[in-house]
Amino acid sequence: MIAHEVKAVLFDLDGTLIDSAPDLGAAADKMRTDRGLPSLPLDKYRPMAGAGARGMLGVAFGITPDDADFAPLREEFFRNYEACMTQRTYVFDGVKQLIDCLVDQGLSWGVVTNKSMRFAAPLTRGMPLFASARTVIGGDSTPHAKPHPAPLLEAARQLSVRPIDCVYVGDDLRDVQAGRAAGMATVAATYGYLGSVDVAQWGADSHIATPLALLSLLKFRALA
């Protein structure tokens with residue numbers, strides 16, 4: 001369990017609160033079919049969903065950011081994603097109940113993601129889950145993205161809560177690194193895109209296999 005009283009819970013976005021892999025994969029796959037290439041199944045894209053454009057373009061075309069064609073392909077991917085970002089994306093099972101419980105207990109909550117606000121802002125505005133979020137911090141909201149602690153510290157500042165009174169939940173090593181650097185308790189979510197990754201090596205304070213498992217760490221019971 002988390003050893004001290006928690007006043008705010010911060011979450012990563014993709015792979016932690018929402019499954020955006022279907023829309024990310026569709027945006028990249030459209031680039032393939034537009035070029036006459038065969039479509040790839042979602043299970044090819046899903047493991048790389050946490051890596052954003054780099055991951056999706058790597059699957060779709062086998063390129064890396066060092067490739068000369070990467071920048072224009074990335075912008076094409078971004079345009080495709082903007083056009084479909086809430087069509088197939090869904091909230092993980094248990095997340096809505098988790099958020100309802102946090103709000104019922106009087107805790108503030110928010111989002112800290114490396115997704116740029118170009119996408120994070122319209123995505124969170126377009127999904128009812130985020131109506132009660134007190135802050136949404138994107139990868140370009142501060143001079144540094146995760147694993148730097150700056151985005152998490154900015155979220156705590158906006159919530160008027162000390163970092164030590166926050167918990168940060170995420171599904172990537174960078175989330176744990178950022179949370180620890182910010183002085184927050186860290187929880188690794190293993191139900192997202194991790195696959196066979198050994199999260200025990202990350203050094204998180206706790207692990208959860210389902211969203212609702214967070215409540216037991218916080219000593220709360222789920223709402224009926």
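Here is a check on your reading of the model: is Arg88 surrounded by fewer than 16 Cβ atoms within 10 Å (Cβ to Cβ), basic (Lys, Arg) and free of Cβ contacts under 8 Å to residues at least 12 places away in the same chain?
Values: surrounded by fewer than 16 Cβ atoms within 10 Å (Cβ to Cβ): yes; basic (Lys, Arg): yes; free of Cβ contacts under 8 Å to residues at least 12 places away in the same chain: no.
In short, no.
For the range 148-224, list the strands (runs of 3 or more DSSP E) that sit wholly inside it and hold at least 2 residues that are over 19 Å from the mean Cα position of the chain (by Cα), surrounded by fewer than 16 Cβ atoms within 10 Å (Cβ to Cβ) and of a type in the set (Lys, Arg); which are they? Write out each step before concluding.
Details: elements: 166-170, 185-189, 206-208.
By residue number, no strands (runs of 3 or more DSSP E) qualify.
Say whether the condition of being in contact with a Pro (Cβ under 8 Å, 6 or more places away or on another chain), under 30 Å from Ala150 (Cα atoms) and outside the structural domain of Gln158 (by TED's automatic domain parsing) is met by at least one residue in the range 39-54.
Looking for residues that are in contact with a Pro (Cβ under 8 Å, 6 or more places away or on another chain), under 30 Å from Ala150 (Cα atoms) and outside the structural domain of Gln158 (by TED's automatic domain parsing), one finds at least one in the range 39-54, hence yes.
Identify, please: which residue in the range 108-137 is surrounded by fewer than 21 Cβ atoms within 10 Å (Cβ to Cβ) and aliphatic (A, V, I, L, M) and is, among those, farthest from the chain's Cα centre (by Cα)?
Here the residue is Ala131.
Looking at the range 4-36, which of its residues are without any contact (Cβ under 8 Å) to a residue 12 or more places away in the chain and not acidic (Asp, Glu)?
Of everything in the range 4-36, those that are without any contact (Cβ under 8 Å) to a residue 12 or more places away in the chain and not acidic (Asp, Glu) turn out to be Thr33, Arg35, Gly36.
The values are calculated or read from the model by the stated rules, or taken from the named source; none is laboratory data. Bear in mind that the values here come from a model prediction, so they are computed numbers and not experimental data. Quick reminder, even Gly has a Cβ in these numbers, built from the backbone with ideal geometry, and neighbours come from all protein chains shown.
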